[in-house]
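In what follows, a single structure is set out as structure tokens and then discussed.
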DNA sequence: ATCCAGGAAAACG
DNA sequence: CGTTTTCATGGA
């Protein structure tokens with residue numbers, strides 16, 4: 001394809017956003033860091049994703065975002081472009097180790113994920129790796145979600161709780177393993193509840209966390225991810241096996257290095273992080289996670 | 001084969 | 001109450 005032709009067509013047909021000089025943002029860091037599971041990128045720099053019932057195609061060249069499938073305000077809100085990232089990064093930049101992670105992932109933002117989808121995603125995340133989680137979410141959408149045509153391909157919106165609840169006998173097709181009854185049970189409960197998102201949103205952090213953990217399949221880690229990625233409660237600090245390793249190596253050497261993370265150890269880690277990084281410690285967590293394995297101790301790296 | 005992956009529920013002392 | 005065991009899946 002002719003490069004200049006592509007550029008001209010893009011400028012004429014597709015809407016865009018030009019980031020201001022102090023508006024740090026990296027699309028690749030943001031979509032590639034593992035916070036969200038429904039985006040794919042092509043070799044020529046385009047990302048394709050499903051947000052609600054929209055299919056979006058987007059790419060970034062310098063300060064220019066070009067996209068199709070959603071209006072600019074929607075894109076801006078989804079990617080949290082209204083958030084003052086510079087101020088947040090400055091607030092969490094408390095030591096050399098986090099500083100290195102931040103430098104390596106410049107422009108990484110926490111996005112505003114659809115809440116129900118995020119809830120199910122992190123039920124499906126337990127004791128799994130990212131490719132497996134992506135596969136499960138994709139299977140759920142394909143099985144229960146509304147098909148959406150986009151550029152000649154069929155995508156699937158993430159299904160409403162009632163859609164999953166009504167067809168729960170089909171859940172085993174999605175190969176969720178022992179998480180199947182968790183999703184089924186939670187879909188039923190959320191269907192019964194009246195505006196559960198508003199309830200969680202209105203609660204202070206610890207109360208919101210306890211409330212989420214009443215649902216089947218939501219423990220401390222999943223609750224923290226949901227509060228961080230879908231409810232923008234930035235004081236959440238999810239502790240998975242990677243974060244635990246990183247924290248043990250760089251901040252909490254006395255932490256038990258055994259394979260099993262108890263509730264008490266989890267609380268030690270998250271309370272330390274809240275105190276050390278401050279009210280935006282969730283952002284610190286995501287920078288540490290995104291930089292996992294590529295900074296610090298080489299023995300932590302896979303391969 | 002054995003271990004691991006963005007853990008959580010249930011059973012056990 | 002805190003601690004240990006079990007759970008289903010696919011890739012390395």
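Tabulated results
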item	result
Segment residue A:211-residue A:93, extension gain: residue separation times 0.36 nm, minus the distance between their alpha carbons	39.4 nm
Stokes-Einstein translational diffusion, the stretch A:30-73 - Kirkwood Rh over all Cα pairs, 0.692 mPa s, 37 °C, in µm²/s	296
For the stretch A:22-129, the Rg and Dmax computed from alpha carbons only, in angstrom	14.7, 42
Pair residue A:64, residue A:84: separation of 7 Å Cα→Cβ label points (nm)	3.0
Cα-based convex hull volume of chain A per residue, rounded to whole Å³	151
Principal axis dimensions, the stretch A:114-153 - Cα atoms, whole angstrom, descending	35, 20, 16
Largest to smallest principal axis extent of the C-alpha atoms in the stretch A:70-141, angstrom	40, 35, 17
Residue A:77 paired with residue A:170, simple spin-label distance in nm, labels 7 Å along Cα-to-beta-carbon	3.0
Average silhouette area of the stretch A:161-204, convex hull of alpha-carbon atoms, in square nanometres	3.6
Mean separation of Cα contacts under 8 Å (6+ apart) over length of the stretch A:202-303, as relative contact order %	24
Distance in nm between pseudo-label sites at residue A:23 and residue A:272 (7 Å out along the Cβ direction from Cα)	3.8
Gained length - residue A:257 relative to residue A:100, 0.36 nm times residue gap less alpha-carbon distance	54.1 nm
q = 0.11, 0.23 Å⁻¹, the stretch A:168-287: log10 I(q)/I(0) [Debye, one scatterer per Cα]	-0.43, -1.28
Chain A, relative contact order [Cα under 8 Å, separation at least 6], %	19
Peptide ranges A:25-38, A:125-138 listed from the most packed, as the mean C-beta count within 10 angstrom indicates	A:25-38, A:125-138
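Only the coordinates and a few stated rules stand behind these numbers; no lab work does. Given the structure is predicted, the values throughout are model-derived calculations rather than measurements. Note that we place each Cβ from the backbone using ideal geometry, even for glycine, and neighbour counts take in every protein chain shown.
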